[in-house]
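S.K.: Quick one: structure below, then a few questions.
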Amino acid sequence: DEYFVPALEVITDKLALSPDVAGATFMAAGGSAPELFTSIIGVFIADSNVGIGTIVGSAVFNILFVLGACAFIVGMKPDENGNPTVLNLTWFPLTRDTLFYVISLVTLILAFTKGGNPETVELWESIILFLIYFAYVTFMMFNAKIEAKFVKNKDNQDDKDNTEMDPLKEDQQKKEAKNN
């Protein structure tokens, strides 16, 4: 923790990556490094049966635990007015990551269950899985531009599309009206 996380921060700063891209690439790879090396040792050294359940199970745990912990911590920190912090999430990152995850998972399952020997993954299948990861990283390089095409400007969306007011915004506006 003393060297690894600061090293990743320096790399992402030098590459001028947005927090979204840094989190989805370098930070995610750093967080999954122990699993990667455990799987490598299990497959090549210990001759253990590290199957799809282990891979998918640990990935699902990481996704749920990390997101849940972040949402929990963010909600505990009050904003400048003393109100609970709200974690504003948009549909785009969730859809993007879920789509790539499903594509990777289906490809991995097909690699494990194809004819012949279901316990082996051929070189060409590993290359396909690596290319999916490379496509994800490339997508993340252009994430801001792609997201801008799919997601409306938040201010315009609030003015035009929102007919129902957010309860926290409503409380804040009432407090401001009382103070004025």
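S.K.: For a quick check of understanding: with a 1.4 angstrom probe and all protein chains in place, what accessible area in square angstrom does Lys77 have, to the nearest ten?
M.R.: Only protein atoms counted, so the area is about 140 Å².
S.K.: Put a dot 7 Å past each Cα toward the Cβ at Phe44 and Val60; how far apart are the dots in nm?
M.R.: 2.9
S.K.: Further question: How large is the accessible surface of Asp13 in square angstrom, using a 1.4 angstrom probe and rounding to the nearest 10?
M.R.: 120
The values are calculated or read from the model by the stated rules, or taken from the named source; none is laboratory data. Note that this is a predicted model, so its numbers are computed, not measured. Cβ atoms come from the backbone with ideal geometry, glycine included; neighbour counts cover every protein chain shown. Heavy atoms of the whole protein, side chains included, go into the accessibility calculation; ligands, DNA and RNA do not. Shrake-Rupley method; radii C 1.70, N 1.55, O 1.52, S 1.80 Å.
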